[in-house]
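K.L.:
One structure, pasted below without further comment.
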Amino acid sequence: MKKKKEKWVDDGRTIAPMTGEEIPSMSRGFFPGHERKRNRKRVKSDITRKERNAMIRAFFIVMLPRLLIVLGCFALVGLLMYFWLI
């Protein structure tokens, strides 16, 4: 005779709560403000839209050469691998 399969019922128990209390106190330095992040309210900034757009544009101008260097390195490695495997 086969046993009848019991129907699983969720009783609401939590095996591993993810509240942040499970993180050891020595590791909490890696997760600063874990509890405060949920309750933090957005503060109105005194930066205007024009200033914010200028900062974003400056960020992209500064990061563009670095991005091009990384892409160039990938291309160089790809070429070296291509000529090595021919």
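The values are calculated or read from the model by the stated rules, or taken from the named source; none is laboratory data. If you're wondering where the values come from, they're calculated on a predicted model, not measured in any experiment. Here the Cβ is made from the backbone with ideal geometry for all residues, glycine too, and neighbour counts use every protein chain on show. Ligands, DNA and RNA are stripped out before the accessible areas are found, and what is left, the full protein with its side chains, is counted by its heavy atoms. Shrake-Rupley method; radii C 1.70, N 1.55, O 1.52, S 1.80 Å.
K.L.:
Applying the Karplus parametrisation 6.51 cos²θ - 1.76 cosθ + 1.60 with θ = phi - 60° to the phi angles of the stretch 76-86, what ³J(HN,Hα) value in whole Hz is obtained for each residue in order, glycine and proline being reported as x?
P.N.:
Karplus values, whole Hz, x for Gly and Pro: 4, 5, x, 5, 4, 5, 5, 6, 6, 8, 5.
K.L.:
For the stretch 43-86, report the accessible area per residue in Å² (1.4 Å probe, heavy atoms, rounded to an integer).
P.N.:
Computed with neighbouring chains in place, this is 103 Å² per residue.
K.L.:
Taking 0.36 nm per intervening residue step and subtracting the Cα-Cα distance, what contour gain separates residue 84 from residue 68 on full extension?
P.N.:
Difference between extended and current length: 3.4 nm.
K.L.:
If you take the beta carbon distance between residue 5 and residue 42 as r and set R0 to 35 Å, what does 1/(1 + (r/R0)^6) give as a FRET efficiency, to the nearest 0.05?
P.N.:
0.10
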